[in-house]
Amino acid sequence: EILRIEQIDFQLAVNQAEAAVASTEFALKLAKANAEVARNDWETMQKSHRRLTGSTLQNEPDGLVLHEPQLKQAEANLASAKAVLDLALLRLERTVIKAPFACIIRQKHIDIVQFVNAGTPAATLFSIAVAEIEAGISQSELAGISIPGSKALIILRLGEKSFHWDGLV
């Protein structure tokens, strides 16, 4: 993680989008229930008419009678709310900037609370996957080094701290 943008506004947008999805899911359930009631009412009316007259009104009810437009609108609203949620989640995810490789930050170009524009460099990074170290070795020490490509232990002492890495000659 190289840097993190303030997330509160983005998290709020996610929360609002989640609430909108929940609301539109409820509206869709309600529209489905209303459509089912309308279908049952139509079938009951059809049966009553057939019983009284011996004939049917029509083969299939009109889509408007069965609340089909309302059902389609509720489905569209839910799809839209889910798209808004996906966008809010994507924007929240993008508040964290990560390097695509193992690295160290060599130089920071921005500071906390600084406003930046797209394309503004945030930092200079250096990969830590491979490092080439030149070491001065005396002739007496050279005799103890085996063939190039053999394993080596790199030790870096900084004050009282000591760092160790595996390496190759």
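The figure for ILE128 is an accessible area of roughly 100 square angstrom, using a 1.4 Å probe on the protein chains alone.
In this structure the amide hydrogen of CYS103, modeled in the peptide plane, comes within under 5 Å of the amide hydrogens of ILE128, none closer than 5 places in sequence on its chain. For the pair ASN59 and LEU125 in one chain, pulling the backbone fully straight at 0.36 nm per residue adds 16.6 nm over the alpha carbon distance.
For the chain, relative contact order (Cα pairs under 8 Å, six or more residues apart, normalised by length) works out to 24 percent.
Across GLU93, GLU134, GLU43, the residue with the most accessible area heads the list, and the full order at a 1.4 Å probe is GLU134, GLU93, GLU43. Determine the share of the chain's accessible area contributed by carbon and sulfur atoms, expressed in whole percent, with a 1.4 angstrom probe. With neighbouring chains kept in place, the figure for the chain is 57 percent. The string of couplings for segment 62-76 from the Karplus curve (6.51, -1.76, 1.60, θ = phi - 60°) is 5, x, 5, 5, 8, 6, 5, x, 5, 5, 5, 5, 5, 5, 5 Hz, one whole number per residue in order, with x for Gly and Pro. Within the full protein context, the accessible area of LEU3 is estimated at about 40 Å² for a probe radius of 1.4 Å. Comparing LYS47, LYS32, LYS108 in a Gaussian network model of the chain (Cα springs below 10 Å), the most mobile by mean-square fluctuation is LYS47. Here is the list for segment 108-169: chymotrypsin sites (Phe, Trp or Tyr not before Pro) lying in DSSP coil, each with at most 13 other C-beta atoms within 10 angstrom of its C-beta, are PHE115.
Applied to segment 14-25, the Karplus parametrisation 6.51 cos²θ - 1.76 cosθ + 1.60 on θ = phi - 60° returns per-residue 3J(HN,Hα) values of 5, 4, 5, 5, 5, 5, 5, 5, 4, 5, 6, 5 Hz, with x for Gly and Pro. Reported to the nearest whole Å, the Cα centre-to-centre distance from segment 97-166 to segment 5-33 is 46. The residues packed around ALA81, meaning those with a beta-carbon under 13 Å from its beta-carbon, carry a net charge of -3 if Lys and Arg are +1 and Asp and Glu are -1. Sorting the segments 6-17, 71-82 by their mean number of nearby beta carbons within 10 angstrom, highest to lowest, gives 71-82, 6-17. When ARG50, ARG94 are compared by accessible area of protein heavy atoms, the largest-first order is ARG94, ARG50, using a 1.4 Å probe.
The mean accessible area for residues of segment 72-126, using a 1.4 Å probe and ignoring ligands and nucleic acids, is 79 Å² per residue.
Around the amide H of ILE5, modelled in the peptide plane, lie the amide H atoms of VAL96, ILE97, all under 5 Å away and 5 or more residues distant in sequence or on another chain.
Each residue of segment 149-162 was assigned a 3J(HN,Hα) from its phi angle through the Karplus expression (A = 6.51, B = -1.76, C = 1.60, θ = phi - 60°), giving x, 6, 5, 9, 10, 9, 10, 10, 10, 10, x, 8, 8, 10 Hz with x at Gly and Pro. In the context of the full protein assembly, VAL130 retains an accessible surface of approximately 120 Å², using a probe radius of 1.4 Å and ignoring ligands and nucleic acids. From a point 7 Å beyond the Cα of ARG4 in the direction of its Cβ, which residues of segment 78-102 have a backbone N at a distance under 14 Å? 92-98, by backbone N distance to the label point.
The values are calculated or read from the model by the stated rules, or taken from the named source; none is laboratory data. The structure presented is a predicted model; accordingly, all values stated were derived computationally and were not measured. Positions of Cβ are generated from backbone atoms using ideal geometry, with glycine treated the same way; all protein chains shown enter the neighbour counts. Heads up: the accessible areas ignore ligands, DNA and RNA and are worked out on the full protein's heavy atoms, side chains in. Shrake-Rupley method; radii C 1.70, N 1.55, O 1.52, S 1.80 Å.
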